[in-house]
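Since the structure comes first, as C-alpha cells, the remarks are kept for the end.
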Amino acid sequence: MKLRLTFLFFLLMSVQVFAASGKVRGSVKDVEGKPIEKATITISSTGEISQKYTAHTNAKGEYIHIGVFPGDYRVSVSKEGYKSVDADAEIRVTLSDKGTTVDFKMQSVAAQQKQEQPSVAEESPALKEAKAGLAALNGGKIEDAIAAFEKALQLDPTLVIAHYNLGAAYERKEKLEKARHHFQEAVKLKPDFGEAYLAIGNSYLAERKFDSVATDALIKATELLPQNYNAFYNLGVCYSNSGKYVEAESAYRKAIDVNPKEPVAHYQLAMALLGQSKNADAKTEFQKYLELNPTAADRKEVEELMKTL
C-alpha cells in the first residue's frame with residue numbers, strides 16, 4: 001500500500017501525560033505585572049537521575065506540570081522575543097498536594113534594547129515612535145502599530161527593532177511579503193539576529209515555499225539559536241515537504257535533542273524515516289509519539305500504520 005506523508009508546518013503545543021507524582025506550578029508576568037501567554041517552562045533535574053519536563057503558560061500567564069518525579073530541579077523560562085528578569089530557580093519537588101511554586105518575570109527584548117540604548121537614543125523621536133508601535137502591537141491595535149513603526153523608520157531607517165516589529169505586525173495582517181522585507185532589513189542591520197532569520201523562514205513556510213530560500217534562513221536560525229526547538233523543527237518541516245528526508249531526519253533529531261517531550265517531533269521524524277524506508281526506526285518513533293500523546297486524535301490511524309510496518 002502507498003503511504004501518504006502528511007507534514008505540519010505550524011508551531012504546535014506539546015501534549016503530554018504524566019504519572020501521579022509531584023507538581024510544579026506558577027506564573028509568568030512581564031515587568032509591569034501583565035501575564036505572558038505561551039511562555040515555555042523547562043524543569044530539568046540536577047540529581048543523579050536525568051529528568052526533563054516542559055510546560056506552557058495559559059492566557060492568564062499560569063502554568064502547572066503534574067507528574068514531576070521527586071528530587072532536585074532547575075526551573076527556567078523562555079519565550080521568543082523575551083528574556084527572563086529572574087535567574088533560574090533551584091527547587092526540590094516533593095509529593096506535596098500544593099506542589100512547588102515558581103514565578104517568573106520577563107522583559108521583551110525590544111524593551112531591554114531600549115533600556116540599553118544611550119540616553120540620547122532613548123529620547124530620539126524614532127525610538128519613541130517604535131515604543132508606541134510596540135505598545136499598540138501588544139494591545140492588538142495592528143494598524144496603529146504599523147503606522148508608528150513606519151514613522152519610526154522614516155525618522156531612522158537603521159532602527160532594527162522597528163524593522164523587526166513592523167515585520168511582526170505585517171505578519172499578523174498576513175501580508176507576508178511585507179513582513180519578510182522588514183525581517184530581512186533587520187538581519188542586514190544586525191547579522192546575528194537569530195529570531196529574525198527564524199521569522200523569515202517561517203514566512204516562507206506559511207506560503208508553502210520549501211526551497212532553498214526557506215532552508216537557508218532556517219539553517220542560519222539554527223546556527224544562531226542552537227537551543228531553539230522551533231528553528232530545528234521548522235527546518236525539518238521544510239526538508240520533509242521538499243522530499244529531502246535524510247536532511248529532515250537530522251533536523252527533527254536535533255529538535256528532539258532540544259526538547260524530547262514534544263510528541264509531534266517524534267511523529268514527523270517517523271514520517272521522514274518512512275520516506276527513507278527505515279520502517280523499524282519509524283515504528284519506534286511512532287510508538288514514542290503515542291507514548292507522549294496517548295489521547296492523540298489520530299491514534300487509530302497511527303496504530304493501523306504501525307501494523308503495516
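Pairs of C-alpha atoms in the chain farther apart than 28 Å represent 47 percent of all such pairs. Among the listed pairs Lys79/Lys300; Lys141/Lys178; Lys178/Lys254; Lys29/Lys175, which have their C-alpha atoms separated by more than 25 angstrom in this model? The answer is Lys79/Lys300; Lys178/Lys254; Lys29/Lys175.
Based on the Cα atoms of the stretch 22-107, what semi-axes does the equivalent ellipsoid have, where each is the square root of 5 times one gyration tensor eigenvalue, given in whole Å with the largest first?
Details: eigenvalues 96, 34, 21 Å².
The three semi-axes for the stretch 22-107 are 22, 13, 10 Å.
Over the stretch 22-107, what is the relative contact order in percent, taking alpha-carbon pairs closer than 8 angstrom and at least six residues apart?
Working: 218 pairs, mean separation 32.9, N = 86.
It comes to 38 percent, rounded to a whole number.
In deg cm²/dmol, rounded to 500, what helix-only [θ] at 222 nm does the chain give when every DSSP H run of at least 4 residues adds -39500 (n - 2.57) and the total is split over its residues?
-15500 deg cm²/dmol
Bear in mind that the values in this text are calculations on the coordinates, not laboratory data. Computed from a prediction, not measured in an experiment: that's the story for all the values here.
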